[in-house]
Amino acid sequence: MPKLPTPKLPVPPLPPQLQPPPPPPGTQRGRPHTPVEQAAEAGKSVVDWVDERTSLSGAARWLMFRKVPKGTNWFYTLGSATMFAFLSQAVTGVFLAMYYRPDPASGAYESIRNITTNVFLGQFVRSMHKWGATVMVVLVFLHMARTFVFGAYKYPRELNWVIGVVLLILTMVMSFTGYLLPFDERSYWATIVGVNINGTGPIIGPYLSDFLRGGPEFNASTLSRFYAIHMLIVPGAIAAMIGAHLYLVTKLGTTAPPWLKAEPEPELIKETA
Ligand code: HEM
């Protein structure tokens with residue numbers, strides 16, 4: 001008996017909730033078709049691949065998508081501006097370190113002259129570093145003034161204020177140690193004055209100036225000591241302190257401007273009534 005063909009039944013209509021979503025605009029049946037769309041898809045796949053193995057997107061969301069109080073204004077950007085100045089100092093400093101020689105027997109002075117006159121974009125990068133130092137000091141003071149005026153040093157942010165004070169001291173140490181590095185007459189004598197001022201401090205003063213000089217006299221090892229402090233110890237400490245500072249900013253949130261009145265919480269009113 002010949003086999004009869006099985007009748008093809010029409011597909012039952014799906015309720016709207018179960019229907020596949022329409023393709024995103026600019027795509028054919030949901031698939032990317034232009035090179036730009038394909039590149040965007042590839043980027044997403046890489047991010048997904050990394051996220052599946054590290055779960056970093058949770059941390060990134062915690063860091064970046066936060067509630068900010070009403071009335072947040074341009075003064076709140078001073079901390080990020082200080083951080084940007086620090087990053088710019090780090091990048092320009094790396095390029096300067098490629099040509100600088102911490103050798104007091106004319107090597108340091110000559111290497112700075114070489115950077116300024118011969119190296120491609122040397123004068124530009126050196127000036128960025130030199131002016132950037134001033135910009136960072138100005139910004140750190142403005143940022144500190146903002147947090148003080150807005151009362152952001154009060155509970156629960158006292159520890160962040162203390163970390164800020166450490167950052168302020170480290171920024172000043174950067175300026176002080178960097179000033180000696182060109183090793184010209186001005187930087188040499190100004191640093192001797194600065195080290196002597198440190199020596200007048202109570203109890204630890206004399207030890208501090210001995211530590212900075214690398215002994216009782218200002219000699220060849222003083223310059224290498226200043227260079228090591230300037231390019232290794234203090235930037236590392238600043239980076240670590242900024243990490244702690246930003247962790248606390250993210251955890252505690254930023255302070256609302258002092259002129260804003262706290263809005264009554266409807267839930268609390270219901271509970272206390
Ligand atoms: C290298 C130096 C510094 C960097 C890169 C830095 C960075 C930042 C950033 C990005 C913020 C969050 C945004 C803002 O409020 O501006 C912040 C907040 C804060 N900073 Fe700094 N900061 C530095 C130095 C200081 C200093 C010197 C102090 C005070 C002594 C300080 C105290 C605070 C406080 C209390 C907050 C919390 C502000 C709030 O809750 O509204 N920081 N900092």
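Tabulated values for the structure
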read-out	value
Close pairs from the range 242-254: first on the phi > 0 side of the Ramachandran plot, partner more than 6 Å from the ligand (Cβ to nearest atom) and modelled with pLDDT under 95, Cβ under 8 Å, at least 6 apart	253/66; 253/67; 253/68; 253/69
Some residue of the range 153-174 being in contact (Cβ under 8 Å) with a residue 12 or more places away in the chain, within 16 Å of the ligand (Cβ to nearest atom), under 19 Å from the mean Cα position of the chain (by Cα) and more than 30 Å from residue 258 (Cβ to Cβ)	yes
Qualifying position, being within 30 Å of residue 261 (Cβ to Cβ), within 10 Å of the ligand (Cβ to nearest atom), among the hydroxyl-bearing types (Ser, Thr, Tyr) and in contact with a Phe, Trp or Tyr (Cβ under 9 Å, 6 or more places away or on another chain), among 147, 72	147
Residue satisfying all of: in the range 35-71; β-branched (Val, Ile, Thr) and exposed (fewer than 11 other Cβ atoms within 10 Å of the Cβ); nearest to residue 250 (Cα to Cα) among these	68
Wholly within the range 35-108, helices (runs of 4 or more DSSP H) carrying at least 3 residues that are more than 26 Å from residue 124 (Cβ to Cβ) and without any contact (Cβ under 8 Å) to a residue 12 or more places away in the chain	35-54, 56-64
Odd one out for residue 153 among (1) farther than 30 Å from residue 250 by Cα; (2) of a type in the set (Phe, Trp, Tyr); (3) not in a helix (DSSP H, G or I)	(1)
Selection within the range 175-191 - within 16 Å of the ligand (Cβ to nearest atom) and surrounded by fewer than 21 Cβ atoms within 10 Å (Cβ to Cβ)	175, 176
Identity of the residue in the range 35-69, within 16 Å of the ligand (Cβ to nearest atom) and closer than 30 Å to residue 135 by Cα, that ends up farthest from the chain's Cα centre (by Cα)	69
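The values are calculated or read from the model by the stated rules, or taken from the named source; none is laboratory data. All of these numbers come straight from a predicted model, not from anything done at the bench. In this analysis, Cβ positions are derived from the backbone assuming ideal geometry, glycine residues included, and neighbour counts consider all displayed protein chains.
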